[in-house]
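The values are calculated or read from the model by the stated rules, or taken from the named source; none is laboratory data. On a predicted model such as this, the values are computed, not experimentally measured, just so you know. Positions of Cβ are generated from backbone atoms using ideal geometry, with glycine treated the same way; all protein chains shown enter the neighbour counts. Only protein heavy atoms, including side chains, enter the accessible area calculation; ligands, DNA and RNA are left aside. Shrake-Rupley method; radii C 1.70, N 1.55, O 1.52, S 1.80 Å.
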Amino acid sequence: MLHQGDILTLQRHFQYHIQHAVPVEVYRGNVHVDIGMVTAVDEGFVELQGTLYNRTLFTFVSRPGY
């Protein structure tokens, strides 16, 4: 289980957030880009509610309780 503020890096991190409907914040560098639920993930991209984010360009942060 990840805690608020933990960075998602592994496939199982994203799967946990999908399974338990835990919100995720998306950052590009230090700039906040989006927040929402992960709807799909593969080795290259994360989908948040219809928007694809490249896993190498963006950082994904756990936000349980948001």
- Restricting attention to the stretch 49-66, report how many residues are modelled with pLDDT under 95 and either charged (D, E, K, R) or in contact with a Cys (Cβ under 9 Å, 6 or more places away or on another chain) (or both). 1
- Task: Take the stretch 10-32 and flag every residue that is touching a Ser or Thr at 6+ places or on another chain (Cβ under 9 Å) and either among the β-branched types (Val, Ile, Thr) or on the phi > 0 side of the Ramachandran plot (or both).
- Result: 18, 22, 24, 26, 29
- Task: For the stretch 28-66, name all the residues that are part of a strand (DSSP E or B) and aromatic (Phe, Trp, Tyr).
- Result: 45, 53, 60
- Message: Let me confirm something: among 38, 26, 46, 31, which residue is at pLDDT 95 or above and surrounded by fewer than 17 Cβ atoms within 10 Å (Cβ to Cβ)?
- Response: 31
- Item | Single condition residue 2 does not satisfy, out of (1) part of a loop (DSSP other than H, G, I, E, B); (2) at pLDDT 95 or above; (3) touching a Leu at 6+ places or on another chain (Cβ under 9 Å) | (2)
- Task: Within the stretch 49-66, count every residue that is hydrophobic (A, V, I, L, M, F, W, C), open to solvent by less than 50 Å² (accessible area, probe 1.4 Å) and out of contact with any Phe, Trp or Tyr (no Cβ under 8 Å at 6 or more places or on another chain).
- Result: 0
